[in-house]
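Undergrad: Shown below is the structure under consideration.
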Amino acid sequence: MDSARREALAQRVLALSGAGQTEVMVHSGRNELTRFTRNAVHQNVAESDVSVKVRAIVGKRTGVASTNLTDDTELRSLVQRAIEMAKLSPDDPGLPSMPAGGATQAPPGAYVRETATASPELRAQMCDTIFKAAEEHDYWCAGFVNTSEAGVTIVNSSGARASFDGTDAAVNVKMNATDSTGYAEGWDNDVTRLDAHAIGKLSSLKARDSAYPRGVEPGEWTVILEAAAFGELFTYLSDHFSAQSFDEGSSFLSDGLDKQYLGRNVTIVDDYAHPLSPGMPFDYEAQPTQRIGLVENGVAKNVVTDSYWANKLNRPNTGHALPAPNAYGPQALHLVVSPGSKSINELIAETKRGLLITRFWYIRTVDQKKAIVTGMTRDGTFLIENGEISGGVRNMRFNHSILEALNNCEFANALHRTGSYSYSVVVPAAKIEGFRFSSGTDF
Amino acid sequence: MNFDALAQRALDTATQRGGRYADIRFETDRSERIEARNGVVATLSDSTSRGYGIRALVDGAWGFAASSDLTEAGIDRTAARAVEIAKAGAAIARRRLGETPPRAYTDTFATPVRRDPHDVPLGERVRLLLEAEKALHVSPQISVGRAWMDLWSIDKVFYSTIGSRIEQSIRQTGSGIETMAVGEGDVQTRTFPGDIGLYKSGGWEIIEEAQLRENAQRIGEEAVALLKAPQCPSGTFDIILGGSQVSLQIHESCGHPAELDRVMGWEANFSGVSFLEIEQLGKLKYGSDIVTIVIDNTLPQGLATIGYDDEGTKSITSDIIRNGMLVGYEMSNDTARSIGRESNACVRSQSWEFVPMIRMCNLNLLPGDTPFENLFDDIKDGIYMESNRSWSIDDHRLNFQFGCEMGWEIKNGKRGRLLKNPTYAGITPQFWNSCDAIADKHSWKAWGTPNCGKGEPMQTGRTAQCAAPARFRNVRVGVGYGG
């Protein structure tokens with residue numbers, strides 16, 4: 001559904017509401033994913049939907065209802081349900097008025113027609129290219145090729161009106177050899193910029209070069225985290241930049257802004273318009289999203305807000321609301337870590353003894369306040385000796401504080417987009433000193 | 001709404017376009033959530049979604065397409081898309097994966113509900129949560145209080161080209177409370193019941209069973225007490241895990257590795273593979289003799305209890321671990337046939353727009369014969385842990401590390417001081433082989449897990465693990481805090 005039809009639908013629903021304030025969000029989306037294993041497609045799916053969500057405010061009370069049934073009867077019922085729920089909710093004295101929005105513009109490259117119209121045949125061809133990379137080495141591969149498009153339109157009774165259409169594409173490959181594996185990935189709004197051959201080849205080389213893995217002792221290591229590994233680790237800090245966590249005491253920033261928490265080489269921004277990951281220029285209240293500095297040279301500068309938390313903390317609304325209903329508070333969804341000056345190869349060359357890590361798995365927070373997390377290495381872990389990669393090592397479990405890591409790190413000079421179903425960040429590779437591993441595996 | 005005509009149209013279209021087999025699942029999902037947070041209602045929402053997913057099998061390759069467009073044109077387009085996608089996969093296939101299911105059913109199933117939650121006025125539901133949340137605030141050190149309730153209804157009808165027509169009405173309900181205390185330079189959380197709330201199949205009776213108001217003050221007090229509690233020591237100890245923590249241990253270290261799609265590499269790039277390889281079937285001593293873990297998708301009130309799975313296979317009970325030995329898997333039609341067995345109805349999808357795949361369902365560790373209080377008897381120096389706080393396990397499901405919200409030292413058979421930040425770690429088969437006592441049926445409970453992630457696109461599954469507290473010997477404790 002294009003933005004004009006979404007807006008017409010949203011305005012139609014808005015006109016049905018007699019609530020004091022009403023917000024209507026229309027979401028349309030199409031997601032297609034071809035998933036493969038052992039050099040064959042085993043899950044090949046396409047899904048499309050249009051949904052409507054109404055947030056009604058009656059006095060200082062809120063109700064939210066949503067549906068994907070869009071005939072007149074259902075839409076009237078939707079609005080009534082939202083209003084009835086609002087009337088039954090107790091007053092929230094801190095509830096602000098809905099924001100009036102403002103002009104926004106989608107960043108260049110957010111929507112790419114070739115991605116939106118990608119066919120099952122195109123995805124199959126990309127898979128076939130990866131299968132051939134596997135077959136060259138007599139390996140087997142597992143992964144996916146994904147293309148999607150999504151549109152969001154939000155209107156409210158304060159006059160806000162915002163629409164955005166975006167696309168996304170991804171290739172993800174785990175290459176499997178006899179006793180080793182290798183991983184490579186690509187993320188881009190433009191499917192034509194994803195090089196399936198290069199991704200397949202890189203994952204093959206990682207599997208080849210990590211063959212015959214040896215065990216190394218757990219303990220403190222110098223590690224070089226490739227972007228996929230560092231990005232996943234870093235994501236576990238993202239909630240700390242929320243005004244809600246900041247105020248409630250669970251953030252490492254809760255002791256106050258304008259303090260030095262991280263190394264002087266650490267600068268973090270939230271930037272929806274970054275060229276590697278151009279996204280939606282407004283939040284889920286139709287408030288324009290600010291490109292905002294969160295940490296500058298290790299000093300905390302800002303947390304992100306939505307209308308509720310901006311009002312509560314008397315701070316500017318930075319436009320980082322999640323979709324209603326939202327108990328998680330505002331969130332920084334487009335984190336970018338500034339790069340360093342050396343290439344990853346230079347960082348490796350300067351390492352006397354360390355580990356090069358392709359990817360982590362199953363990271364979970366062990367201690368919220370100290371930002372200690374645990375997780376496993378997977379799919380390409382290498383020993384570095386005297387500045388060179390000397391072979392693969394068996395996987396290990398780490399337990400380490402992200403704050404400690406960001407006080408003992410050096411970044412590579414290239415930025416990469418990395419992510420998963422739940423996050424997307426733009427980060428460099430990172431060299432971290434004294435990274436603690438607690439146990440190993442036999443694989 | 002009667003979907004018979006639309007279903008026939010979809011199956012005819014898929015067949016005419018080249019599908020050797022096809023099925024269609026119409027689903028209407030309603031999800032209601034209320035969450036009270038720090039004295040206000042942060043969430044009061046009611047969401048409805050209706051649509052259908054079509055699977056088509058062409059030359060051994062599956063295609064799946066889903067849409068909410070319920071017009072005849074929409075049905076035609078989506079059925080054709082499912083076949084088109086299957087053909088694209090078949091064109092590059094190195095081998096055939098898909099098979100037609102072996103038998104058809106015509107049947108209905110409905111979750112037994114003692115009291116429809118909608119018979120309870122919304123205002124009363126909101127009041128219950130506000131009162132429970134308020135009772136958590138026992139001290140200024142309580143920074144966050146939360147109380148929530150989820151009501152889920154799933155109405156679906158499954159049709160297939162081999163003649164199935166299965167209509168199901170599933171009702172699932174859950175609620176819980178959580179609090180966060182901040183002070184002493186620390187942050188501590190407590191959750192009840194278990195680590196995520198109490199989630200089961202059923203109606204308002206599940207909310208009443210949770211007893212949120214009755215337990216909220218205690219939970220708040222425990223969170224505050226944890227701020228001043230000593231750190232759990234590091235070292236090797238005998239440990240006792242509370243029932244909800246045993247439930248999660250089953251989920252992560254038995255439920256996931258026993259998914260046959262994972263064993264066969266279907267999840268290799270994301271969720272991972274499994275150490276429970278097919279050649280280990282009947283040979284691997286997974287746990288001690290007292291460890292028996294069974295699938296029971298017919299269990300009354302089990303969160304994953306349904307009549308038929310999303311491939312149209314009737315729910316049954318079957319063994320995964322019998323007296324410590326690996327004897328079975330969670331299976332679909334395709335994966336079961338590949339090892340010469342029949343599906344045990346473990347295929348689910350999150351909702352209409354997702355492809356059905358193998359999911360953990362109700363997976364139960366059978367109770368032992370030791371009264372809970374006697375688990376402590378011959379522990380000289382150990383730790384008792386309750387209520388999960390963090391969980392991590394490798395992509396083969398061997399090396400795990402879990403943390404709990406609370407611990408207590410055990411000295412000479414008696415529960416002693418409260419300890420904070422307890423963690424433990426191990427390797428799955430060694431850990432389960434160190435299990436030497438499981439509490440009896442009086443402390444055996446169905447713990448629902450409503451947020452199990454798997455697959456790409458990611459799907460959220462609703463599983464349950466029945467468990468009682470259990471004792472494990474010589475376990476590494478305190479990892480992450482110097483251990």
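Rule-based calculations on the coordinates, nothing more; no lab input. Everything numeric in this text was worked out from a predicted model, so none of it was measured. Note that we place each Cβ from the backbone using ideal geometry, even for glycine, and neighbour counts take in every protein chain shown.
Undergrad: For a label point 7 angstrom out from the Cα of A:R113 toward its Cβ, which stretches of the stretch A:1-25 have the backbone nitrogen within less than 20 Å?
TA: A:1-6
Undergrad: What's the local net charge at A:H274, with K and R +1, D and E -1, over the other residues with C-beta under 12 Å away?
TA: 0
Undergrad: Exactly which GluC sites (Glu not before Pro) in the stretch B:259-352 are in a DSSP loop and have at most 16 other Cβ atoms within 10 Å?
TA: Those that pass, being in a loop and sparsely packed, are B:E277, B:E342.
Undergrad: Within the stretch B:439-483, whose backbone N sits under 19 Å from a point 7 Å along Cα→Cβ of B:S234?
TA: It comes to B:474-483, nothing else.
Undergrad: I'd like the distance between the alpha-carbon centres of the stretch A:17-64 and the stretch A:159-219, rounded to an integer number of Å.
TA: The distance from the Cα centre of the stretch A:17-64 to that of the stretch A:159-219 comes to 27 Å.
Undergrad: Something else now. With a point put 7 Å past each Cα toward its Cβ, work out how far B:S139 is from B:R103 in nm, to one decimal.
TA: Output for this residue pair reads 6.0 nm.
Undergrad: Quick one: of A:K342/A:K370; A:K259/A:K301; B:K380/B:K414; A:K259/A:K431; A:K301/A:K431; A:K370/B:K454, which pairs are farther than 20 Å apart, Cα to Cα?
TA: From A:K342/A:K370; A:K259/A:K301; B:K380/B:K414; A:K259/A:K431; A:K301/A:K431; A:K370/B:K454, over 20 Å: A:K342/A:K370; A:K259/A:K431; A:K301/A:K431; A:K370/B:K454.
Undergrad: With every atom except the alpha carbons ignored, what do you get for Rg and Dmax of chain A, in angstroms?
TA: 23.5, 72
Undergrad: Can I ask one more? Using just the Cα positions, wrap the stretch A:213-443 in a convex hull and report its mean projected area in square nanometres, one decimal place.
TA: 12.0 nm²
Undergrad: State, to one decimal in nm, how far the label point of A:D91 lies from the label point of B:N451, with both points 7 Å from Cα in the Cβ direction.
TA: According to this spin-label approximation, the distance is 3.3 nm.
Undergrad: Which length gain, in nm to one decimal place, applies between B:D59 and B:Q430 when the Cα-Cα distance is subtracted from 0.36 nm times their residue separation?
TA: So the extension gain works out to 129.2 nm.
Undergrad: Please give me, ordered by residue number, the trypsin sites (Lys or Arg not before Pro) of the stretch A:28-60 that lie in loop per DSSP and have at most 16 other Cβ atoms within 10 Å.
TA: Numbers: sites: A:R30, A:R35, A:R38, A:K53, A:R55, A:K60; in loops: A:R38, A:K60.
Answer by residue number: A:K60.
Undergrad: What's the local net charge at A:T377, with K and R +1, D and E -1, over the other residues with C-beta under 12 Å away?
TA: Details: positive: A:R359, A:R378, A:R394, A:R397; negative: A:E226, A:E232, A:D379, B:D394, B:D395.
Computed value for this residue: -1.
Undergrad: What spacing in nm lies between the two simple spin-label points modelled at A:A327 and A:E385, each 7 Å away from Cα in the Cβ direction?
TA: Distance between the two pseudo-spin positions: 5.3 nm.
Undergrad: Considering only DSSP states other than H, G, I, E and B, which chymotrypsin sites (Phe, Trp or Tyr not before Pro) in the stretch A:104-148 qualify as loop sites with at most 14 other Cβ atoms within 10 Å?
TA: none
Undergrad: Return the long-range amide H neighbours of B:E184 (sequence gap of 5 or more, or a different chain), with a cut-off of under 5 Å between placed amide H atoms.
TA: none
Undergrad: Over 21 Å between C-alpha atoms is what I'm after, so list which of A:K60/A:K312; B:K228/B:K445; A:K132/B:K87; A:K87/B:K156 land there. Please report the intermediate quantities before stating the final value.
TA: On the way: A:K60/A:K312 14 Å; B:K228/B:K445 31 Å; A:K132/B:K87 19 Å; A:K87/B:K156 32 Å.
Check vs 21 Å cut-off fails for B:K228/B:K445; A:K87/B:K156.
Undergrad: In nm, what is the difference between 0.36 nm times the number of residues separating A:A4 and A:D179 and their Cα-Cα distance?
TA: So the extension gain works out to 57.6 nm.
Undergrad: Pairs of alpha-carbon atoms within less than 8 angstrom and 6+ residues apart define the contacts here; what relative contact order does the stretch B:235-477 have, in percent?
TA: Once divided by the residue count of the stretch B:235-477, the mean separation gives 28 percent.
Undergrad: To the nearest 0.05, what FRET efficiency results for A:R208 and B:E214 with a Förster distance of 51 Å applied to their C-beta separation? Write down the numbers at each step before the final one.
TA: Details: r = 60 Å, r/R0 = 1.19.
After rounding to 0.05, the efficiency reads 0.25.
Undergrad: Still on this structure, I have one more. Could you tell me the calculated FRET efficiency between B:N323 and B:E277, based on Cβ-Cβ distance and R0 = 22 angstrom, to the nearest 0.05? Don't skip to the answer; put the middle values down first.
TA: Values: r = 20 Å, r/R0 = 0.92.
So the FRET efficiency works out to roughly 0.65.
Undergrad: What shape does chain B have by the C-alpha gyration tensor, where a ≥ b ≥ c are the square roots of the eigenvalues, rounded means a/c under 1.5, and otherwise prolate means a/b greater than b/c and oblate the rest?
TA: On the way: a/c = 2.26, a/b = 1.45, b/c = 1.55.
Note, shape of chain B comes out oblate.
Undergrad: How big is the gap, in Å, between the Cα center of the stretch A:132-156 and the Cα center of the stretch A:268-336?
TA: That distance is 27 Å.
Undergrad: Right, here's the next one. Taking only C-alpha pairs under 8 Å that are 6+ residues apart, what is the relative contact order of the stretch A:3-198 in percent?
TA: Contact order relative to length: 25 percent.
Undergrad: Going by a ≥ b ≥ c, the root eigenvalues of the Cα gyration tensor, does the stretch A:234-327 fall in the rounded group (a/c under 1.5), the prolate group (a/b larger than b/c) or the oblate group?
TA: oblate
Undergrad: Continuing with the same structure: Could you list B:F158, A:F230 in order of exposure, starting from the residue whose Cβ has the fewest other Cβ atoms within 10 Å?
TA: Sorted ascending by nearby Cβ count, the order is B:F158, A:F230.
Undergrad: Once amide H atoms are built 1.01 Å from N in the peptide plane, which residues 5 or more positions from A:V366, or in another chain, come under 5 Å H to H?
TA: A:I372, A:V373, A:T374
Undergrad: What FRET efficiency comes out for the pair B:N474/B:R417, r = Cβ-Cβ distance, R0 = 22 Å, nearest 0.05?
TA: 0.55
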